[in-house]
Amino acid sequence: MMKKLATGLAAVAATSALALALPSAASASTADSDSWGPVYSQHYQAKASGWVSVDWDDDDHESNTITVKGKLWDLDHRSYDEGGKCAYVKFQTSDFDDNWSTVYTKKYCGYPAFKRFSFDSDDVSSLRVKVCQIGLHGSYPRNCGSWSDLYTGDSE
């Protein structure tokens, strides 16, 4: 009986130690992550916000991977017959030679809710985002806000 009690206490102590260690480990993993936003479209009919983290290659410190997570909100309460549009977000990155390219876009139709998104991109010098609106069946974004810089490697 005493052996079972000792084993049980040891298990409880180990579980408690693990539970106490987990929150600090979770916060340590977000230490290299920064929040961004909110970023709005023109007229505030769409919004995006989220987190960006950068993981540098330990060997050469010349390459990295950026992870972006976020939410895209459709804030246009109008029906499509009344001219209502969907939310649209566009991300561009610059490589180490200052060449910009679009790496991710997301469209979401669903006032007043949001849609989660996530993507990774490698060898990023800078990252920027723009939020727009787009028609339900449209292919050209409209009512875009201005570009917002989310990350610049110069700050590392």
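Numbers for the structure displayed
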read-out	value
Single residue of Ser146, Ser139 found to be surrounded by fewer than 18 Cβ atoms within 10 Å (Cβ to Cβ), part of a loop (DSSP other than H, G, I, E, B) and modelled with pLDDT under 95	Ser139
Every residue from the stretch 123-136 that is more than 15 Å from the chain's Cα centre (by Cα), among the aliphatic types (A, V, I, L, M) and part of a strand (DSSP E or B)	Ile134
The listed residue being in a loop (DSSP other than H, G, I, E, B) and open to solvent by 90 Å² or more (accessible area, probe 1.4 Å), out of Asp59, Asp55	Asp59
Subset of the stretch 84-105 (residues that are in a strand (DSSP E or B) and open to solvent by 90 Å² or more (accessible area, probe 1.4 Å))	Trp100
Qualifying positions in the stretch 62-83 - under 23 Å from Pro112 (Cβ atoms), in a loop (DSSP other than H, G, I, E, B) and open to solvent by 10 Å² or more (accessible area, probe 1.4 Å)	Leu75, His77, Arg78, Ser79, Tyr80, Asp81, Glu82, Gly83
Criterion: crowded, with 17+ Cβ neighbours inside 10 Å, aromatic (Phe, Trp, Tyr) and free of Cβ contacts under 8 Å to residues at least 60 places away in the same chain - qualifying residue of Tyr151, Tyr108	Tyr108
Failed item in (1) open to solvent by less than 20 Å² (accessible area, probe 1.4 Å); (2) without any contact (Cβ under 8 Å) to a residue 12 or more places away in the chain, with Phe117 passing the rest	(2)
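The values are calculated or read from the model by the stated rules, or taken from the named source; none is laboratory data. Keep in mind the model is a prediction, meaning the values are calculated, not measured. With ideal geometry, Cβ positions are generated from the backbone for all residues, glycine too; neighbour counts draw on all protein chains shown. Side chains included, ligands, DNA and RNA excluded: accessible areas come from the protein's heavy atoms. Shrake-Rupley method; radii C 1.70, N 1.55, O 1.52, S 1.80 Å.
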